[in-house]
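This report refers to the structure that appears directly beneath it.
Values in this text are rule-based calculations from the coordinates and carry no lab data. Worth saying up front: this structure is predicted, and the values here are computed from it rather than measured. FYI the Cβ positions are ideal-geometry reconstructions off the backbone, even for glycines, and counts take in every protein chain you see.
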Amino acid sequence: MISLPLAFGVMIYTLCACGVVFLLWLLSDMRDRALYDSERRKGTFHCIKCDQLYAARAGTETCPCPRCQFRNTRLQF
């Protein structure tokens, strides 16, 4: 038969291990969400010279066209 202090110690150890795994999962999820959100947020541009649609990082108001290098402003929706 397992003694009460040993069972209590095993239970505490198991709960601590689960807590560490949960915290690591939470930190990893927050890091991945920040990475994908920054990757997903892009501004849409339309070149008035060569009629091409393209995307660039968010926060930029003007961006050169990848095809003809004409600077265009961000589309407003």
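Could you let me know the centre-to-centre spacing of the range 7-50 and the range 63-77, using Cα atoms, in angstrom?
So the separation of the two Cα centres works out to 33 Å.
With +1 on each Lys and Arg Cβ and -1 on each Asp and Glu Cβ, and nothing else charged, work out how big the dipole of the chain is about its Cα centre, in Debye to the nearest 20.
With only Lys, Arg, Asp and Glu charged at Cβ, the dipole is about 460 debye.
Just to confirm the number: angle between the C-alpha axis of helix 4-40 and the first principal axis of the chain, 0 to 90 degrees, nearest 10?
0 degrees
Determine the gain in length on full extension of the stretch V20-Y36; use 0.36 nm per residue of separation and subtract their C-alpha separation, reporting nm with one decimal. It would help to have the intermediate numbers written out before the result.
Details: separation 16, 0.36 × 16 = 5.76 nm, distance 2.43 nm.
Extra length from V20 to Y36 when fully extended: 3.3 nm.
As a check on your grasp of the helix formula, calculate [θ] at 222 nm for the chain: sum -39500 (n - 2.57) over DSSP H runs of n ≥ 4, divide by the residue count, round to the nearest 500.
It lands at -17500 deg cm²/dmol.
Per 10 Å bin, what is the whole-percent P(r) computed from every C-alpha pair distance within the chain?
Values per bin, smallest distances first: 17, 24, 15, 12, 11, 9, 8, 4, 0.
Evaluate the distance, in nm, between pseudo-label points positioned 7 Å from the Cα of A58 and of V10 along their respective Cα→Cβ axes.
For A58 paired with V10, the spin-label model returns 5.0 nm.
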